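In what follows, a single structure is set out as structure tokens and then discussed.
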Amino acid sequence: PPTVRLEDYRPSDHLIDRVELDVRLDPHDTRVSATLALRPNPAGRAHAPLVLDGDDLTLLGLELDGQALAPDTFRADASSLTLHAGPQRPFTLRIETRLDPTANTRLMGLYRSNGVYCTQCEADGFRRITYFLDRPDVLSVYTTRIEAERAAAPVLLGNGNPVEAGAVAGTDRHYAVWHDPLPKPAYLFALVGGRLDRVAKGFTTMEGRAVEIAVYVEPGKDDRAAYALDAVERSMAWDERAFGRAYDLDVFNVVAVSDFNMGAMENKGLNIFNDKFVLASPDTATDTDYAAIEAIIAHEYFHNWSGNRVTCRDWFQLCLKEGLTVFRDQEFSSDMRSRAVHRIAEVRNLRARQFPEDAGPLAHPVRPKRYAEINNFYTATVYEKGAEIVRMLRTLIGETAFRAGMDRYFADNDGTAATVEDFLKAFEAVTGRDLARFAEWYERPGTPRVAVSGSYDAAAKTYRLAFRQTRPGAGADAPPLVIPIRLGLVGTDGPLIDAASGRVEDGVFVLDSAEDTLIFENVAAEPVPSLFRGFSAPVRVESALDAAARLTLLRHDPDSFNRWEAAQRVALGLMTAQVRGDAPEEAGADDFVAALGVFLDGEALRDPAFAAQILALPSEGDVADEIGTEIDPDAIASARRDLRRRLGAGLRARLLTLREELAEPAGTPFSPDASAAGRRALRNAALDLIAAADAETGTALAQAQIAAATNMTDRLAGLAALALLPGEAREAALTAFAERYADEPLVLDKWFAIQAMIPEDGTVARIRRLQGHPAFAMTNPNRVRSLVGSFSLANPTQFNRADGAGYALVAETVLALDGTNPQVAARLMTAFGPWRRLEPGRRAQAESALRRIVATQGLSRDVADIGTRSLA
Ligand code: DPP
Ligand code: ZN
């Protein structure tokens, strides 16, 4: 496939100032009339032909300034429309196309989801609606008239503000006209038509604008929309407070649809969501779901400024809006919930998804330099590492300067399509700093390593910390990165060490050379260094701290993140030692159990959410990532099982008591807030460990919890605990759950996922059976991700079965899906990413599955691209 390169960027030869769309919706014969006000771009080439993008389009009519075009003046096919000589003056082009939304299984462009007409245009779906300059640096003002049969689509929504609506005389059809006054790229276009229920509330912006916020859901589900509606309101208020950003239209609409490739989409004034991230009720949504809804509602809303008002010049700049907006939604969630606990969740996610990506064949810079298929670059690297870069920038320049820089960025780039350079320029302007070297973070793939060693001089009362940074695959001449290291010293017996080093400012040391040494003066006793507090940079830290020193940090570090990190490192050390067959760390494990016991006694009830994080061991993936090569997932799973068993046995009495203490008194009304969720999380973390050590008690507790559950979090945690305990009880609970939620696809997704994650030999066969379940559908991305995605990403022993049966299952699914929905197929395939790090037998099996996919005729560009890069 042709490769697009960053260095080849040039401005469009033409601009489109205004777009008037007339869309007559019909299940199979939708007509789109697009009137485009075009003109030559002064920054483009003169006399260039006009080449409009198309994808799978049927052209019905074409007029230039009201005149039908002579056949020899243009060429049109399914994927482009070329005017051989575009006029050297402003002109109007009217294009009529025909679409079949029902046949659109790719879920890009205009399609139907459960009978609802909806659109998805990012990154390049608008060209599936009409021929267009489908690139993010062409900004236009849109007016959209939508027409449909009234009974089939009583609700008609577009971008911007509603202008007019009415009946189409003499028919059973009606129409609505929407106008979006703010110029936008085509990828932010959207429309919706369907039977939908609505919940709404008013909001007055800090500028005094009255806004009507509405959430639209499938009929009968309006009682599940309240939380999303509330999250929109809180997001609007927060963006005013935290970033001075006010909403800019009279209405803000959110629509939930059941078939959606991504989580959600930030179309101007009309966000379209995967219903999984809107619908919530205590009986159907877990605390994790509530938190995800809050975060994604916020994310899409925040795009209104970071993405829409200031958009991207080209798709290489995707992190400009995504990394920044993830950072913004993380800050929002931190303010709504517990900052420390949220930071832990962010880092868990980064390590689970981005670190492996960055260590494998699909690694790419946060700002990629080339792509064959842009849809494959909506990655953890662009999003999550992109957010970490913004966070580091704030750490480097401080909160006040950061806010000033953000204000400057919005002011200087409002209404334009910007670049990463424009972003950094704003911060250079307000700080007077040169950020050229910091910008290196955007340019190179790979997770940097920072090795740190400390030495104490008792006579001189000095403590030296030596740092050395390296980057995987970077040549000797690669410039060092600018790495902010938030740090401090902790005394072994508790009190903080108040030592000074002139090079630590506000707790932050900036490592900007390959090697450097910090010297602390007046250090009364040997300290334990607390490094990268709050995970101040997305690096791997190598330090020789022993378990005792780490347990000191668990006890005494004032930085919560590093307390958690210390416990994680000790657990990782114990598990990797077992996997490598190093001397069995009996004593080490006992010390760990004892330290957790002390921790629980002192703090479990004070901050249950944090305690739940401390109890949750690093995942099998974390252990694999730590080991790095010749990975044997069975050995890792067994080491992790052993450690969980040991914790469960050693802490049993405490965990049982905690479960009692944390139980909600009967009749307590459900609250999804962070503190109630934290109590449930700890109670369920306790259940998990108890069951790991004692199947009988675990079964009884889980069954009782399911029977008494008043919310999905507890019910599902009970089921998840049982899922790890083979036998009758598990199968009976699974059956009962499926019966109870037979009509709830989103809940059955959890049921699919729980079964897909069972770490037993029978799981591949179970999944094949479930693929025939009436609730499963290959056409629905949520179903596929729940059943097959959960398997490939969260069941390491079974996906990586030594006999290759797990790989075969996923490969088959990728191929089965590729013809209908290549985007989701390609995403599923990324699970093969770490294949080279496996032990030789599995590596060969994974490689042959990949090669089978790649050798298949007629692959989509999406899957071919992932396949080629994975094998490169
Ligand atoms: N809708 C996706 C997101 O918000 C892509 N823009 O991240
Ligand atoms: Zn986004």
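The values are calculated or read from the model by the stated rules, or taken from the named source; none is laboratory data. This one's a predicted model, so the numbers in the text were calculated from it and none came from an experiment. When we count neighbours, we look across all protein chains shown, and the Cβ atoms used for this are built from the backbone with ideal geometry, even at glycine.
Where strands (runs of 3 or more DSSP E) fall wholly inside segment 397-514, the ranges with 2 or more residues that are β-branched (Val, Ile, Thr) are 449-457, 462-470, 483-486, 508-511. Taking segment 572-636 as the region of interest, the helices (runs of 4 or more DSSP H) fully inside it that hold 1 or more residues being farther than 22 Å from Pro840 by Cβ and at pLDDT below 95 are 586-603. Of all the criteria given as (1) out of contact with any strand residue (DSSP E or B) (no Cβ under 7 Å at 6 or more places or on another chain); (2) near ligand 1 (Cβ under 10 Å from one of its atoms); (3) farther than 22 Å from Glu399 by Cβ; (4) not basic (Lys, Arg), the one not satisfied by Asp287 is (2).
The number of residues in segment 698-715 that are surrounded by fewer than 21 Cβ atoms within 10 Å (Cβ to Cβ), small (Gly, Ala, Ser) and more than 31 Å from the chain's Cα centre (by Cα) comes to 4. Applying the set (1) of a type outside the set (Ser, Thr, Tyr); (2) within 16 Å of ligand 2 (Cβ to nearest atom); (3) out of contact with any Ser or Thr (no Cβ under 7 Å at 6 or more places or on another chain); (4) more than 25 Å from Ala214 (Cβ to Cβ) to Asn274 leaves exactly one unmet item: (4). Residue pairs whose Cβ atoms lie under 6 Å apart, sitting 6 or more positions apart in sequence or on different chains, and linking a residue in segment 321-336 that is closer than 9 Å to Glu384 by Cα to a partner that is within 9 Å of ligand 2 (Cβ to nearest atom), are Glu322/Tyr383; Val326/Tyr383.
Among the residues of segment 606-616, is there at least one that is over 25 Å from Glu661 (Cα atoms) and of a type in the set (D, E, K, R)? Checked against the condition, which is being over 25 Å from Glu661 (Cα atoms) and of a type in the set (D, E, K, R), segment 606-616 yields no hits at all. Is it fair to say Pro538 is in contact with an Asp or Glu (Cβ under 7 Å, 6 or more places away or on another chain) and more than 24 Å from Asp642 (Cβ to Cβ)? Spelling it out, Pro538 is indeed in contact with an Asp or Glu (Cβ under 7 Å, 6 or more places away or on another chain) and more than 24 Å from Asp642 (Cβ to Cβ).
Can you say whether Val211 is among the β-branched types (Val, Ile, Thr), within 26 Å of Ser140 (Cβ to Cβ) and surrounded by fewer than 24 Cβ atoms within 10 Å (Cβ to Cβ), as far as the supplied structure shows?
Values: among the β-branched types (Val, Ile, Thr): yes; within 26 Å of Ser140 (Cβ to Cβ): yes; surrounded by fewer than 24 Cβ atoms within 10 Å (Cβ to Cβ): yes.
Answer is yes for this residue.
Condition first: in a loop (DSSP other than H, G, I, E, B) and closer than 23 Å to Ile636 by Cβ. Now tell me which residues in segment 822-859 satisfy that. Give the steps one after another, and end with the answer.
To start, the set of residues in segment 822-859 that are in a loop (DSSP other than H, G, I, E, B) comprises 839, 855-859.
Across segment 822-859, the qualifying residue is only Glu839.
For segment 298-316, indicate whether the set of residues that are under 28 Å from Pro669 (Cα atoms) and of a type in the set (A, V, I, L, M, F, W, C) is non-empty.
Taking segment 298-316 as the starting set, the residues that turn out to be under 28 Å from Pro669 (Cα atoms) are 298.
With the extra rule that they be of a type in the set (A, V, I, L, M, F, W, C), the set shrinks to 298.
Yes, segment 298-316 contains a residue that is under 28 Å from Pro669 (Cα atoms) and of a type in the set (A, V, I, L, M, F, W, C).
Any idea which of Leu687, Leu724, Leu787, Leu716 is within 26 Å of Ala826 (Cβ to Cβ) and modelled with pLDDT of 95 or more? Walk me through how you get there before you give the answer.
On the way: Leu687 fails: within 26 Å of Ala826 (Cβ to Cβ); Leu724 fails: within 26 Å of Ala826 (Cβ to Cβ); Leu716 fails: within 26 Å of Ala826 (Cβ to Cβ).
Just a single option satisfies the conditions, and that option is Leu787.
Those strands (runs of 3 or more DSSP E) of segment 126-169 in which at least 3 residues are more than 17 Å from Pro183 (Cα to Cα) and free of Cβ contacts under 8 Å to residues at least 24 places away in the same chain, considering only elements entirely within it, cover 161-167.
So that you can scan it fast, the table gives a plain yes or no per residue for (1) over 32 Å from the mean Cα position of the chain (by Cα); (2) crowded, with 20+ Cβ neighbours inside 10 Å; (3) of a type outside the set (Phe, Trp, Tyr):
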residue: Leu21; (1), (2), (3): yes, yes, yes
residue: Thr30; (1), (2), (3): yes, yes, yes
residue: Ala37; (1), (2), (3): yes, no, yes
residue: Pro40; (1), (2), (3): yes, yes, yes
residue: Asp72; (1), (2), (3): yes, no, yes
residue: Gly86; (1), (2), (3): yes, yes, yes
residue: Arg94; (1), (2), (3): yes, no, yes
residue: Met108; (1), (2), (3): no, yes, yes
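Of the residues making up segment 356-383, those that are assigned to a helix (DSSP H, G or I) and either within 15 Å of Glu443 (Cα to Cα) or free of Cβ contacts under 8 Å to residues at least 60 places away in the same chain (or both) number 6. Would segment 345-356 turn up any residue that is touching a strand residue (DSSP E or B) at 6+ places or on another chain (Cβ under 8 Å) and surrounded by 17 or more Cβ atoms within 10 Å (Cβ to Cβ)? Checked segment 345-356: at least one residue is touching a strand residue (DSSP E or B) at 6+ places or on another chain (Cβ under 8 Å) and surrounded by 17 or more Cβ atoms within 10 Å (Cβ to Cβ). Within segment 32-42, can one find any residue that is part of a strand (DSSP E or B), over 25 Å from Leu188 (Cα atoms) and touching a Lys or Arg at 6+ places or on another chain (Cβ under 9 Å)? Taking every residue of segment 32-42 in turn, none turns out to be part of a strand (DSSP E or B), over 25 Å from Leu188 (Cα atoms) and touching a Lys or Arg at 6+ places or on another chain (Cβ under 9 Å).
You will find that of Gly323, Gly263, the residue that is within 12 Å of ligand 2 (Cβ to nearest atom) and touching a strand residue (DSSP E or B) at 6+ places or on another chain (Cβ under 7 Å) is Gly263 and no other. Determine whether segment 340-360 contains at least one residue that is more than 15 Å from the chain's Cα centre (by Cα), more than 30 Å from Glu847 (Cβ to Cβ), within 15 Å of ligand 2 (Cβ to nearest atom) and among the aliphatic types (A, V, I, L, M). The answer is no; no qualifying residue exists. In segment 366-413, the qualifying residues are those that are of a type in the set (Phe, Trp, Tyr) and within 16 Å of ligand 1 (Cβ to nearest atom), and the one that is nearest to Val504 (Cα to Cα) is Tyr383. Consider segment 737-760 and keep the residues that are without any contact (Cβ under 8 Å) to a residue 12 or more places away in the chain and either part of a helix (DSSP H, G or I) or polar (S, T, N, Q) (or both). The one that is surrounded by the fewest Cβ atoms within 10 Å (Cβ to Cβ) is Glu739. Annotation for segment 255-268: at least one member residue is within 13 Å of ligand 1 (Cβ to nearest atom) and of a type in the set (D, E, K, R).
Of the residues Phe260, Phe243, Phe252, Phe203, only one is closer than 22 Å to Val177 by Cα and either surrounded by fewer than 17 Cβ atoms within 10 Å (Cβ to Cβ) or in contact (Cβ under 8 Å) with a residue 24 or more places away in the chain (or both); which? Full working, then the answer.
Details: Phe260 fails: closer than 22 Å to Val177 by Cα; Phe243 fails: closer than 22 Å to Val177 by Cα; Phe203 fails: closer than 22 Å to Val177 by Cα.
Going through Phe260, Phe243, Phe252, Phe203 in turn, the sole match is Phe252.
Of the residues making up segment 278-316, those that are away from ligand 2 (no atom under 11 Å from the Cβ), in contact (Cβ under 8 Å) with a residue 40 or more places away in the chain and assigned to a helix (DSSP H, G or I) number 10. Evaluated against (1) more than 30 Å from the chain's Cα centre (by Cα); (2) at negative phi, Asn522 falls short on exactly one condition, (2).
When Val192, Val211, Val254, Val232 are checked against the criterion of being touching a Phe, Trp or Tyr at 6+ places or on another chain (Cβ under 7 Å), at pLDDT 95 or above and in a helix (DSSP H, G or I), a single residue qualifies: Val232. Within segment 446-461, the residues that satisfy the criterion of being at pLDDT 95 or above and not small (Gly, Ala, Ser) are Thr447, Pro448, Arg449, Val450, Val452, Tyr456, Asp457. Taking the conditions exactly as written (away from ligand 2 (no atom under 16 Å from the Cβ), of a type in the set (Ser, Thr, Tyr) and at pLDDT 95 or above), does Tyr371 satisfy them or not? So Tyr371 fits the description; yes.
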